[in-house]
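S.K.: Would you mind keeping the following structure in view while I ask a few things?
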Amino acid sequence: MNILIIGSGGRESAFAYKISQSPKLSKLYIAPGNAGTEQYGENVALKVTDFEGIADFALKNNVEIIVVGPEEPLVKGIHDFFLSREDLKGIAVIGPQQEGAQLEGSKDFSKEFMIRHDIPTAAFKSFNKSNLEEGLAYLDTQNLPIVLKADGLAQGKGVLILESYDEAKAELKAMISDSKFGAASDVVVVEEFLKGIELSVFVLTDGENYKVLPSAKDYKRIGEGDTGLNTGGMGSVSPVPFADQAFLDKVESRIIKPTVDGLKKDGIPYKGFIFIGLMNVGGDPYVIEYNVRMGDPETESVLVRIESDLVDLLEGVAKVDLDKRSYTVTDKTAATVVIVSGGYPGNYETGKVISNMENVKESIVFHAGTKQDGINVLTAGGRVLAVTALEDDLFSALQQATADAGRIFFEGKYFRTDIGFDLI
Ligand code: AMP
Ligand code: GLY
(Lines give C-alpha, C1' and ligand atoms only; values in the text may rest on other atoms or scores of the structure.)
(Ligands and ions follow the chains in the order given, each with its own letter.)
Protein backbone atom coordinates (compact mmCIF):
# COMPACT_ATOMS: atom_id res chain seq x y z
CA MET A 1 0.00 0.00 0.00
CA ASN A 2 0.99 3.63 -0.42
CA ILE A 3 1.66 5.72 2.67
CA LEU A 4 2.12 9.45 3.16
CA ILE A 5 3.97 10.90 6.16
CA ILE A 6 3.25 14.53 7.06
CA GLY A 7 6.15 16.52 8.53
CA SER A 8 9.83 17.28 8.05
CA GLY A 9 11.76 16.62 11.25
CA GLY A 10 13.79 13.88 12.87
CA ARG A 11 10.59 12.24 14.04
CA GLU A 12 9.29 11.97 10.48
CA SER A 13 12.68 10.65 9.30
CA ALA A 14 12.40 7.89 11.89
CA PHE A 15 8.86 7.10 10.73
CA ALA A 16 10.07 6.99 7.13
CA TYR A 17 12.98 4.69 8.05
CA LYS A 18 10.73 2.26 9.90
CA ILE A 19 7.83 2.30 7.44
CA SER A 20 10.20 1.81 4.48
CA GLN A 21 11.15 -1.59 5.94
CA SER A 22 7.62 -2.92 5.74
CA PRO A 23 6.83 -5.72 3.27
CA LYS A 24 3.34 -4.19 3.04
CA LEU A 25 4.65 -0.91 1.64
CA SER A 26 4.47 -0.13 -2.08
CA LYS A 27 5.28 3.55 -2.20
CA LEU A 28 6.22 6.00 0.57
CA TYR A 29 5.77 9.76 0.34
CA ILE A 30 6.89 12.41 2.83
CA ALA A 31 5.41 15.92 2.78
CA PRO A 32 7.47 17.99 2.84
CA GLY A 33 10.30 15.79 4.22
CA ASN A 34 13.96 16.81 4.27
CA ALA A 35 17.25 15.88 2.59
CA GLY A 36 17.35 12.59 4.48
CA THR A 37 13.83 11.30 3.95
CA GLU A 38 14.48 10.93 0.23
CA GLN A 39 16.49 7.76 0.91
CA TYR A 40 13.30 6.09 2.19
CA GLY A 41 10.65 7.55 -0.12
CA GLU A 42 9.69 10.49 -2.28
CA ASN A 43 9.45 14.01 -0.89
CA VAL A 44 6.38 16.01 -1.84
CA ALA A 45 6.49 19.81 -1.65
CA LEU A 46 3.35 20.40 0.41
CA LYS A 47 2.80 22.37 3.59
CA VAL A 48 1.63 20.32 6.57
CA THR A 49 -1.49 22.51 6.90
CA ASP A 50 -2.40 22.49 3.18
CA PHE A 51 -5.26 20.02 3.62
CA GLU A 52 -6.64 20.51 0.08
CA GLY A 53 -3.22 19.93 -1.43
CA ILE A 54 -2.59 16.87 0.73
CA ALA A 55 -6.01 15.46 -0.19
CA ASP A 56 -5.46 15.98 -3.94
CA PHE A 57 -2.06 14.35 -3.75
CA ALA A 58 -3.37 11.41 -1.70
CA LEU A 59 -6.21 10.74 -4.15
CA LYS A 60 -3.98 10.96 -7.23
CA ASN A 61 -1.39 8.63 -5.73
CA ASN A 62 -3.67 6.03 -4.14
CA VAL A 63 -2.46 6.79 -0.63
CA GLU A 64 -4.21 4.53 1.89
CA ILE A 65 -2.67 5.72 5.16
CA ILE A 66 -1.55 9.20 6.20
CA VAL A 67 0.71 9.39 9.26
CA VAL A 68 0.59 12.87 10.77
CA GLY A 69 3.87 13.73 12.52
CA PRO A 70 3.39 17.16 14.15
CA GLU A 71 0.47 18.42 16.24
CA GLU A 72 -0.40 21.51 14.22
CA PRO A 73 -2.35 19.81 11.40
CA LEU A 74 -4.17 17.65 13.96
CA VAL A 75 -5.17 20.58 16.14
CA LYS A 76 -6.27 22.38 12.95
CA GLY A 77 -8.43 19.42 11.95
CA ILE A 78 -6.71 17.44 9.19
CA HIS A 79 -8.46 14.24 10.29
CA ASP A 80 -11.88 15.96 10.41
CA PHE A 81 -11.22 17.36 6.93
CA PHE A 82 -10.66 13.85 5.54
CA LEU A 83 -13.80 12.52 7.25
CA SER A 84 -15.86 15.44 5.95
CA ARG A 85 -15.40 14.53 2.29
CA GLU A 86 -16.99 11.44 0.79
CA ASP A 87 -14.09 10.92 -1.66
CA LEU A 88 -11.51 10.94 1.16
CA LYS A 89 -13.24 8.64 3.63
CA GLY A 90 -11.31 5.58 2.47
CA ILE A 91 -7.99 7.17 3.43
CA ALA A 92 -6.99 6.42 7.02
CA VAL A 93 -5.50 9.32 8.96
CA ILE A 94 -3.30 8.30 11.89
CA GLY A 95 -3.79 11.03 14.47
CA PRO A 96 -6.88 12.20 16.37
CA GLN A 97 -9.65 14.46 15.17
CA GLN A 98 -9.81 18.03 16.47
CA GLU A 99 -11.75 17.14 19.58
CA GLY A 100 -9.18 14.55 20.71
CA ALA A 101 -6.31 16.80 19.67
CA GLN A 102 -7.42 19.18 22.41
CA LEU A 103 -5.60 16.87 24.82
CA GLU A 104 -2.55 18.73 23.53
CA GLY A 105 -4.18 21.88 22.13
CA SER A 106 -5.72 22.96 25.43
CA LYS A 107 -4.08 22.42 28.82
CA ASP A 108 -7.39 23.28 30.50
CA PHE A 109 -9.21 20.62 28.45
CA SER A 110 -6.57 18.00 29.29
CA LYS A 111 -6.61 18.85 33.03
CA GLU A 112 -10.42 18.59 33.11
CA PHE A 113 -10.18 15.28 31.25
CA MET A 114 -7.75 13.90 33.84
CA ILE A 115 -9.87 15.05 36.77
CA ARG A 116 -12.99 13.52 35.17
CA HIS A 117 -11.30 10.15 34.76
CA ASP A 118 -9.30 10.05 37.99
CA ILE A 119 -5.96 10.17 36.23
CA PRO A 120 -3.17 11.33 38.58
CA THR A 121 -1.90 14.82 37.74
CA ALA A 122 -0.72 17.96 39.56
CA ALA A 123 -3.42 19.99 41.36
CA PHE A 124 -4.48 23.03 39.32
CA LYS A 125 -6.85 25.94 38.75
CA SER A 126 -7.51 27.88 35.54
CA PHE A 127 -7.82 31.64 35.23
CA ASN A 128 -8.71 34.18 32.52
CA LYS A 129 -9.42 37.92 32.18
CA SER A 130 -12.68 37.67 34.12
CA ASN A 131 -11.11 36.20 37.26
CA LEU A 132 -7.53 37.46 37.08
CA GLU A 133 -7.73 39.13 40.53
CA GLU A 134 -8.85 35.85 42.03
CA GLY A 135 -5.92 34.19 40.25
CA LEU A 136 -3.40 36.63 41.71
CA ALA A 137 -4.78 36.00 45.21
CA TYR A 138 -4.71 32.24 44.56
CA LEU A 139 -0.98 32.39 43.81
CA ASP A 140 -0.34 33.56 47.40
CA THR A 141 -1.94 30.37 48.73
CA GLN A 142 0.38 28.10 46.67
CA ASN A 143 3.76 26.59 47.50
CA LEU A 144 6.81 27.71 45.52
CA PRO A 145 7.84 27.14 42.82
CA ILE A 146 4.62 27.81 40.94
CA VAL A 147 3.95 26.43 37.47
CA LEU A 148 2.05 28.61 34.96
CA LYS A 149 0.90 27.11 31.67
CA ALA A 150 -0.60 28.91 28.70
CA ASP A 151 -3.73 26.99 27.79
CA GLY A 152 -3.08 26.85 24.04
CA LEU A 153 -0.19 25.83 21.79
CA ALA A 154 2.80 28.12 22.38
CA GLN A 155 5.56 26.24 20.51
CA GLY A 156 6.75 24.58 23.69
CA LYS A 157 7.42 27.92 25.37
CA GLY A 158 4.13 28.33 27.24
CA VAL A 159 5.22 26.74 30.53
CA LEU A 160 6.86 28.93 33.18
CA ILE A 161 8.24 27.75 36.52
CA LEU A 162 8.48 30.68 38.95
CA GLU A 163 10.51 30.77 42.13
CA SER A 164 8.85 33.83 43.74
CA TYR A 165 5.32 35.14 44.27
CA ASP A 166 6.19 38.50 42.70
CA GLU A 167 7.48 36.86 39.53
CA ALA A 168 4.50 34.52 39.39
CA LYS A 169 2.06 37.43 39.68
CA ALA A 170 3.89 39.50 37.06
CA GLU A 171 3.90 36.55 34.65
CA LEU A 172 0.25 35.67 35.23
CA LYS A 173 -0.65 39.28 34.42
CA ALA A 174 1.63 39.33 31.37
CA MET A 175 0.10 36.11 30.06
CA ILE A 176 -3.54 37.06 30.56
CA SER A 177 -3.60 40.89 30.25
CA ASP A 178 -0.70 41.47 27.84
CA SER A 179 -1.20 38.30 25.75
CA LYS A 180 2.40 37.21 26.35
CA PHE A 181 1.76 34.06 24.27
CA GLY A 182 -0.96 35.60 22.11
CA ALA A 183 -4.39 34.00 22.33
CA ALA A 184 -2.71 30.85 23.71
CA SER A 185 -2.46 32.55 27.13
CA ASP A 186 -6.02 33.95 27.29
CA VAL A 187 -6.52 31.10 29.73
CA VAL A 188 -3.72 30.10 32.11
CA VAL A 189 -3.47 26.94 34.16
CA VAL A 190 -1.80 27.44 37.57
CA GLU A 191 -0.33 24.15 38.64
CA GLU A 192 1.32 22.51 41.62
CA PHE A 193 5.04 21.82 41.05
CA LEU A 194 5.89 18.11 40.92
CA LYS A 195 9.32 16.99 42.04
CA GLY A 196 10.67 13.86 40.40
CA ILE A 197 12.16 12.35 37.25
CA GLU A 198 10.44 12.79 33.88
CA LEU A 199 9.57 10.02 31.46
CA SER A 200 7.90 9.98 28.04
CA VAL A 201 5.43 7.15 27.55
CA PHE A 202 3.95 6.38 24.12
CA VAL A 203 0.75 4.61 23.23
CA LEU A 204 -0.75 3.66 19.88
CA THR A 205 -4.54 3.29 19.97
CA ASP A 206 -7.36 2.54 17.55
CA GLY A 207 -9.86 3.96 20.05
CA GLU A 208 -10.75 0.52 21.42
CA ASN A 209 -7.44 -1.26 21.87
CA TYR A 210 -3.95 -0.01 22.50
CA LYS A 211 -0.30 -1.03 22.39
CA VAL A 212 2.15 0.46 24.88
CA LEU A 213 5.16 1.50 22.83
CA PRO A 214 8.68 1.71 24.31
CA SER A 215 9.09 4.58 26.76
CA ALA A 216 11.94 7.07 26.57
CA LYS A 217 13.72 9.84 28.37
CA ASP A 218 14.22 13.13 26.59
CA TYR A 219 16.98 15.67 27.36
CA LYS A 220 15.48 19.12 26.90
CA ARG A 221 18.17 21.60 27.93
CA ILE A 222 20.83 22.94 25.58
CA GLY A 223 23.77 22.57 27.97
CA GLU A 224 25.72 19.65 29.41
CA GLY A 225 24.38 18.45 32.74
CA ASP A 226 20.90 19.48 31.53
CA THR A 227 21.50 23.20 32.06
CA GLY A 228 20.61 26.34 30.13
CA LEU A 229 17.71 27.10 27.82
CA ASN A 230 14.98 24.67 26.86
CA THR A 231 15.13 23.20 23.36
CA GLY A 232 12.95 20.90 21.29
CA GLY A 233 15.09 18.05 22.63
CA MET A 234 18.83 17.33 22.52
CA GLY A 235 18.78 13.56 22.89
CA SER A 236 16.86 10.56 24.11
CA VAL A 237 17.26 7.03 25.39
CA SER A 238 14.97 4.01 25.41
CA PRO A 239 14.34 2.03 27.58
CA VAL A 240 14.74 4.11 30.72
CA PRO A 241 16.38 2.23 33.61
CA PHE A 242 14.31 3.87 36.37
CA ALA A 243 11.07 2.92 34.62
CA ASP A 244 11.06 -0.73 35.65
CA GLN A 245 8.19 -3.11 35.00
CA ALA A 246 6.54 -2.38 38.37
CA PHE A 247 6.49 1.35 37.58
CA LEU A 248 5.31 0.79 34.00
CA ASP A 249 2.50 -1.44 35.32
CA LYS A 250 1.34 1.50 37.45
CA VAL A 251 1.52 3.75 34.39
CA GLU A 252 -0.62 1.33 32.42
CA SER A 253 -3.28 0.74 35.09
CA ARG A 254 -3.50 4.28 36.48
CA ILE A 255 -2.90 6.32 33.34
CA ILE A 256 -2.93 4.54 29.98
CA LYS A 257 -6.04 2.41 30.44
CA PRO A 258 -8.08 5.21 32.07
CA THR A 259 -7.00 7.54 29.25
CA VAL A 260 -8.13 5.25 26.43
CA ASP A 261 -11.31 4.31 28.35
CA GLY A 262 -11.93 7.97 29.23
CA LEU A 263 -11.80 9.01 25.59
CA LYS A 264 -14.32 6.29 24.79
CA LYS A 265 -16.61 7.27 27.70
CA ASP A 266 -16.49 10.90 26.61
CA GLY A 267 -17.38 9.89 23.07
CA ILE A 268 -14.12 11.26 21.69
CA PRO A 269 -12.92 9.18 18.73
CA TYR A 270 -9.14 8.67 18.82
CA LYS A 271 -6.98 6.84 16.32
CA GLY A 272 -3.33 7.58 16.70
CA PHE A 273 -0.43 8.11 19.03
CA ILE A 274 -0.70 9.42 22.57
CA PHE A 275 2.46 10.80 24.14
CA ILE A 276 2.17 10.99 27.90
CA GLY A 277 4.75 13.21 29.58
CA LEU A 278 4.88 12.09 33.16
CA MET A 279 6.73 12.61 36.39
CA ASN A 280 7.89 9.74 38.59
CA VAL A 281 7.22 11.17 42.05
CA GLY A 282 8.63 8.74 44.60
CA GLY A 283 7.63 5.73 42.49
CA ASP A 284 4.17 7.02 41.53
CA PRO A 285 3.41 8.38 38.05
CA TYR A 286 1.68 11.77 37.51
CA VAL A 287 0.77 13.17 34.11
CA ILE A 288 2.47 16.46 33.24
CA GLU A 289 1.02 16.70 29.77
CA TYR A 290 -0.52 14.83 26.89
CA ASN A 291 0.64 15.24 23.32
CA VAL A 292 -1.34 13.81 20.44
CA ARG A 293 1.70 12.78 18.41
CA MET A 294 5.04 11.12 18.93
CA GLY A 295 7.90 13.01 20.59
CA ASP A 296 11.02 14.27 18.89
CA PRO A 297 13.80 13.08 19.54
CA GLU A 298 12.07 10.24 21.41
CA THR A 299 10.63 8.69 18.23
CA GLU A 300 14.14 8.09 16.89
CA SER A 301 14.96 5.93 19.95
CA VAL A 302 11.50 4.34 20.21
CA LEU A 303 10.88 3.14 16.65
CA VAL A 304 14.25 1.43 16.20
CA ARG A 305 13.31 -0.81 19.17
CA ILE A 306 10.03 -1.99 17.66
CA GLU A 307 10.64 -5.30 15.91
CA SER A 308 7.15 -5.65 14.47
CA ASP A 309 5.97 -4.22 11.17
CA LEU A 310 4.80 -0.67 11.94
CA VAL A 311 2.60 -0.63 8.84
CA ASP A 312 0.76 -3.69 10.14
CA LEU A 313 0.15 -1.84 13.42
CA LEU A 314 -1.04 1.29 11.58
CA GLU A 315 -3.38 -0.88 9.55
CA GLY A 316 -4.69 -2.23 12.86
CA VAL A 317 -5.43 1.33 13.96
CA ALA A 318 -7.25 2.06 10.71
CA LYS A 319 -9.33 -1.14 10.90
CA VAL A 320 -9.83 -1.01 14.70
CA ASP A 321 -8.30 -4.45 15.23
CA LEU A 322 -5.01 -3.42 16.83
CA ASP A 323 -5.48 -6.22 19.39
CA LYS A 324 -4.99 -8.76 16.58
CA ARG A 325 -1.67 -7.35 15.38
CA SER A 326 1.61 -8.80 16.56
CA TYR A 327 3.83 -6.49 18.55
CA THR A 328 7.32 -7.16 19.88
CA VAL A 329 10.10 -4.91 21.15
CA THR A 330 13.82 -5.61 21.42
CA ASP A 331 15.59 -5.61 24.80
CA LYS A 332 18.41 -3.61 23.26
CA THR A 333 18.92 0.03 24.18
CA ALA A 334 18.62 2.94 21.78
CA ALA A 335 20.35 6.27 22.32
CA THR A 336 19.90 9.40 20.21
CA VAL A 337 22.18 12.44 20.17
CA VAL A 338 20.88 15.52 18.37
CA ILE A 339 23.30 17.78 16.49
CA VAL A 340 22.16 21.41 16.37
CA SER A 341 23.20 24.66 14.70
CA GLY A 342 25.44 26.93 16.80
CA GLY A 343 23.33 29.47 18.66
CA TYR A 344 20.23 27.29 18.87
CA PRO A 345 17.75 27.63 20.63
CA GLY A 346 18.49 31.34 20.10
CA ASN A 347 19.48 32.81 16.73
CA TYR A 348 21.48 30.54 14.43
CA GLU A 349 22.65 30.48 10.84
CA THR A 350 21.54 27.96 8.21
CA GLY A 351 22.89 26.91 4.83
CA LYS A 352 26.09 25.30 6.19
CA VAL A 353 27.42 22.33 4.22
CA ILE A 354 27.23 19.08 6.21
CA SER A 355 30.11 16.67 5.63
CA ASN A 356 31.47 13.33 6.84
CA MET A 357 28.09 11.69 7.32
CA GLU A 358 29.49 8.69 5.45
CA ASN A 359 31.92 8.19 8.34
CA VAL A 360 29.07 6.99 10.51
CA LYS A 361 28.90 3.24 10.13
CA GLU A 362 27.24 1.91 13.27
CA SER A 363 24.50 4.48 13.98
CA ILE A 364 21.55 5.70 11.94
CA VAL A 365 21.72 9.37 10.99
CA PHE A 366 18.19 10.75 10.91
CA HIS A 367 17.89 14.11 9.21
CA ALA A 368 15.89 16.86 10.91
CA GLY A 369 16.64 20.41 9.67
CA THR A 370 18.41 19.64 6.38
CA LYS A 371 18.00 20.58 2.73
CA GLN A 372 19.41 19.12 -0.46
CA ASP A 373 21.29 21.63 -2.63
CA GLY A 374 22.74 19.95 -5.70
CA ILE A 375 25.23 17.42 -4.39
CA ASN A 376 25.41 19.11 -0.98
CA VAL A 377 23.30 18.64 2.09
CA LEU A 378 22.84 21.94 3.91
CA THR A 379 21.68 22.80 7.41
CA ALA A 380 18.18 24.24 7.37
CA GLY A 381 17.06 24.42 10.98
CA GLY A 382 18.03 24.49 14.65
CA ARG A 383 18.00 20.76 15.16
CA VAL A 384 19.89 19.40 12.16
CA LEU A 385 20.55 15.68 12.64
CA ALA A 386 19.66 12.97 15.14
CA VAL A 387 22.22 10.18 15.50
CA THR A 388 20.70 6.97 16.86
CA ALA A 389 22.58 3.87 18.02
CA LEU A 390 20.99 0.55 19.00
CA GLU A 391 23.24 -1.63 21.15
CA ASP A 392 23.06 -4.45 23.70
CA ASP A 393 23.34 -2.14 26.70
CA LEU A 394 22.88 1.51 27.61
CA PHE A 395 26.56 2.34 27.94
CA SER A 396 27.45 0.98 24.49
CA ALA A 397 24.50 2.77 22.87
CA LEU A 398 25.48 6.09 24.46
CA GLN A 399 29.12 5.72 23.51
CA GLN A 400 28.27 4.79 19.94
CA ALA A 401 25.77 7.59 19.34
CA THR A 402 27.98 10.21 20.99
CA ALA A 403 31.09 9.10 19.07
CA ASP A 404 29.18 9.06 15.79
CA ALA A 405 27.75 12.55 16.44
CA GLY A 406 31.37 13.64 16.73
CA ARG A 407 32.23 12.19 13.29
CA ILE A 408 29.94 14.54 11.38
CA PHE A 409 30.92 18.11 10.56
CA PHE A 410 29.34 21.45 9.74
CA GLU A 411 30.32 24.98 10.73
CA GLY A 412 29.04 25.89 14.18
CA LYS A 413 27.82 22.38 14.98
CA TYR A 414 27.02 21.56 18.62
CA PHE A 415 25.83 18.48 20.48
CA ARG A 416 25.76 17.35 24.09
CA THR A 417 28.32 14.69 25.02
CA ASP A 418 26.52 13.80 28.26
CA ILE A 419 23.20 12.51 26.91
CA GLY A 420 22.09 9.51 28.98
CA PHE A 421 25.26 9.19 31.04
CA ASP A 422 23.32 10.37 34.13
CA LEU A 423 21.48 7.03 33.94
CA ILE A 424 24.62 4.86 34.12
P1 AMP B 1 5.06 20.97 29.09
O2 AMP B 1 5.08 21.98 27.98
O3 AMP B 1 3.73 20.79 29.72
O4 AMP B 1 5.75 19.71 28.69
O5 AMP B 1 6.01 21.53 30.22
C6 AMP B 1 7.36 21.79 29.95
C7 AMP B 1 8.21 21.27 31.06
O8 AMP B 1 7.91 21.96 32.27
C9 AMP B 1 7.97 19.81 31.39
O10 AMP B 1 8.65 18.96 30.56
C11 AMP B 1 8.48 19.76 32.81
O12 AMP B 1 9.88 19.68 32.85
C13 AMP B 1 8.07 21.08 33.37
N14 AMP B 1 6.80 20.97 34.08
C15 AMP B 1 5.56 21.12 33.57
N16 AMP B 1 4.63 20.97 34.52
C17 AMP B 1 5.27 20.72 35.67
C18 AMP B 1 4.86 20.47 37.02
N19 AMP B 1 3.57 20.48 37.37
N20 AMP B 1 5.82 20.26 37.93
C21 AMP B 1 7.12 20.28 37.58
N22 AMP B 1 7.58 20.51 36.35
C23 AMP B 1 6.67 20.73 35.40
N1 GLY C 1 10.58 15.83 22.95
C2 GLY C 1 9.43 16.50 23.39
C3 GLY C 1 8.40 16.73 22.37
O4 GLY C 1 8.43 16.19 21.27
O5 GLY C 1 7.48 17.48 22.64
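S.K.: Would you mind finding the one in Tyr219, Tyr210, Tyr270 that is open to solvent by less than 10 Å² (accessible area, probe 1.4 Å), more than 25 Å from Leu144 (Cβ to Cβ) and more than 15 Å from ligand 1 (Cβ to nearest atom)? So that I can check it myself, show each step before the final result.
M.R.: Details: Tyr219 fails: more than 15 Å from ligand 1 (Cβ to nearest atom); Tyr210 fails: open to solvent by less than 10 Å² (accessible area, probe 1.4 Å).
The conditions single out Tyr270.
S.K.: In the range 48-68, which residues are open to solvent by 20 Å² or more (accessible area, probe 1.4 Å) and either among the hydrophobic types (A, V, I, L, M, F, W, C) or in contact with a Gly (Cβ under 7 Å, 6 or more places away or on another chain) (or both)?
M.R.: Step one: filter the range 48-68 for residues open to solvent by 20 Å² or more (accessible area, probe 1.4 Å), giving 48-52, 56-57, 59-62, 64.
If the condition is that a residue be open to solvent by 20 Å² or more (accessible area, probe 1.4 Å) and either among the hydrophobic types (A, V, I, L, M, F, W, C) or in contact with a Gly (Cβ under 7 Å, 6 or more places away or on another chain) (or both), then Val48, Phe51, Phe57, Leu59 are the ones that fit.
S.K.: Same structure, new question: Would you call Lys157 under 18 Å from the mean Cα position of the chain (by Cα), open to solvent by 70 Å² or more (accessible area, probe 1.4 Å) and within 16 Å of ligand 2 (Cβ to nearest atom)?
M.R.: Working: under 18 Å from the mean Cα position of the chain (by Cα): yes; open to solvent by 70 Å² or more (accessible area, probe 1.4 Å): yes; within 16 Å of ligand 2 (Cβ to nearest atom): yes.
So Lys157 passes the test.
S.K.: Kindly indicate whether Glu315 is outside any strand (DSSP E or B), surrounded by 14 or more Cβ atoms within 10 Å (Cβ to Cβ) and either of a type outside the set (Phe, Trp, Tyr) or at negative phi (or both).
M.R.: Numbers: outside any strand (DSSP E or B): yes; surrounded by 14 or more Cβ atoms within 10 Å (Cβ to Cβ): yes; either of a type outside the set (Phe, Trp, Tyr) or at negative phi (or both): yes.
Yes; evaluated as a whole, the condition is true for this residue.
S.K.: In the range 354-367, is there at least one residue being open to solvent by less than 10 Å² (accessible area, probe 1.4 Å) and either part of a strand (DSSP E or B) or over 25 Å from Ala16 (Cβ atoms) (or both)?
M.R.: Within the range 354-367, the first condition is being open to solvent by less than 10 Å² (accessible area, probe 1.4 Å), and the residues that meet it are 366.
If we keep only those that are either part of a strand (DSSP E or B) or over 25 Å from Ala16 (Cβ atoms) (or both) as well, we get 366.
Yes.
S.K.: Another question, if that's okay. Sort out which residues of the range 181-202 are surrounded by 19 or more Cβ atoms within 10 Å (Cβ to Cβ) and either free of Cβ contacts under 8 Å to residues at least 12 places away in the same chain or within 15 Å of ligand 2 (Cβ to nearest atom) (or both), and write them in order of number. Give the derivation first.
M.R.: Narrowing the range 181-202 to residues surrounded by 19 or more Cβ atoms within 10 Å (Cβ to Cβ): 181, 184-185, 187-191, 199-202.
Leu199, Ser200, Val201, Phe202, listed by residue number.
S.K.: Got a sec? Which of Phe82, Phe51 is of a type in the set (Phe, Trp, Tyr) and over 22 Å from Leu204 (Cβ atoms)? Don't jump to the end; show me each part of the working.
M.R.: On the way: Phe82 fails: over 22 Å from Leu204 (Cβ atoms).
Testing whether each residue is of a type in the set (Phe, Trp, Tyr) and over 22 Å from Leu204 (Cβ atoms) leaves just Phe51.
S.K.: Now, a different point. Pick out the one residue from Gly282, Gly316, Gly262, Gly272 that is away from ligand 2 (no atom under 14 Å from the Cβ) and in contact with a His (Cβ under 7 Å, 6 or more places away or on another chain).
M.R.: Working: Gly282 fails: in contact with a His (Cβ under 7 Å, 6 or more places away or on another chain); Gly316 fails: in contact with a His (Cβ under 7 Å, 6 or more places away or on another chain); Gly272 fails: in contact with a His (Cβ under 7 Å, 6 or more places away or on another chain).
Of Gly282, Gly316, Gly262, Gly272, the one residue that is away from ligand 2 (no atom under 14 Å from the Cβ) and in contact with a His (Cβ under 7 Å, 6 or more places away or on another chain) is Gly262.
S.K.: State all residues of the range 379-421 that are open to solvent by 10 Å² or more (accessible area, probe 1.4 Å), of a type in the set (A, V, I, L, M) and part of a loop (DSSP other than H, G, I, E, B); if no residue qualifies, say none.
M.R.: Scanning the range 379-421 gives a single hit, Ala380.
S.K.: Does the range 318-336 hold any residues that are crowded, with 21+ Cβ neighbours inside 10 Å and touching a Lys or Arg at 6+ places or on another chain (Cβ under 7 Å), and which are they?
M.R.: Leu322, Ala334
S.K.: Mind checking whether some residue in the range 227-239 is crowded, with 16+ Cβ neighbours inside 10 Å, at negative phi and without any contact (Cβ under 8 Å) to a residue 40 or more places away in the chain?
M.R.: Taking every residue of the range 227-239 in turn, none turns out to be crowded, with 16+ Cβ neighbours inside 10 Å, at negative phi and without any contact (Cβ under 8 Å) to a residue 40 or more places away in the chain.
S.K.: Tell me, which helices (runs of 4 or more DSSP H) wholly within the range 46-89 include 3 or more residues that are of a type outside the set (A, V, I, L, M)?
M.R.: Working: elements: 51-60, 72-75, 78-84.
In the range 46-89, 51-60, 78-84 are the helices (runs of 4 or more DSSP H) which contain 3 or more residues that are of a type outside the set (A, V, I, L, M).
S.K.: Residues of the range 1-42 being assigned to a strand (DSSP E or B), open to solvent by 40 Å² or more (accessible area, probe 1.4 Å) and out of contact with any Lys or Arg (no Cβ under 9 Å at 6 or more places or on another chain), which ones?
M.R.: Result: Lys27, single match.
S.K.: I'd like to know if the range 289-301 contains one or more residues that are assigned to a strand (DSSP E or B) and of a type in the set (A, V, I, L, M, F, W, C). It would help to see each step written out before you state the result.
M.R.: Here is the first cut: in the range 289-301, the ones assigned to a strand (DSSP E or B) are 289-291.
Next, from what is left, pick out any that are of a type in the set (A, V, I, L, M, F, W, C): none.
No, that holds for no residue.
S.K.: Here's another thing I want to ask about it. Can you spot a residue in the range 292-311 that is surrounded by fewer than 22 Cβ atoms within 10 Å (Cβ to Cβ) and basic (Lys, Arg)?
M.R.: Yes - at least one qualifying residue is present in the range 292-311.
S.K.: Would you point out the residue of the range 90-123, among those that are over 27 Å from Asp312 (Cβ atoms) and assigned to a loop (DSSP other than H, G, I, E, B), that is nearest to the chain's Cα centre (by Cα)? Give the steps one after another, and end with the answer.
M.R.: Quick first cut of the range 90-123, residues over 27 Å from Asp312 (Cβ atoms) only: 98-99, 102, 105-123.
Then keep just the ones that are assigned to a loop (DSSP other than H, G, I, E, B); that gives 106, 117-120, 122-123.
Working: Ser106: 16, His117: 23, Asp118: 24, Ile119: 21, Pro120: 21, Ala122: 21, Ala123: 24 Å.
This residue is Ser106.
S.K.: Shifting gears a bit: Residues Ser177, Ser130: which one is in contact (Cβ under 8 Å) with a residue 24 or more places away in the chain, open to solvent by 40 Å² or more (accessible area, probe 1.4 Å) and not basic (Lys, Arg)? Walk me through how you get there before you give the answer.
M.R.: Numbers: Ser130 fails: in contact (Cβ under 8 Å) with a residue 24 or more places away in the chain.
It is Ser177.
The values are calculated or read from the model by the stated rules, or taken from the named source; none is laboratory data. Keep in mind the model is a prediction, meaning the values are calculated, not measured. A quick note on method: Cβ atoms are made from the backbone with ideal geometry, for glycine too, and the neighbour counts reach across all protein chains shown. Just so you know, the surface numbers come from the protein's heavy atoms only, side chains and all, with ligands and any DNA or RNA stripped out. Shrake-Rupley method; radii C 1.70, N 1.55, O 1.52, S 1.80 Å.
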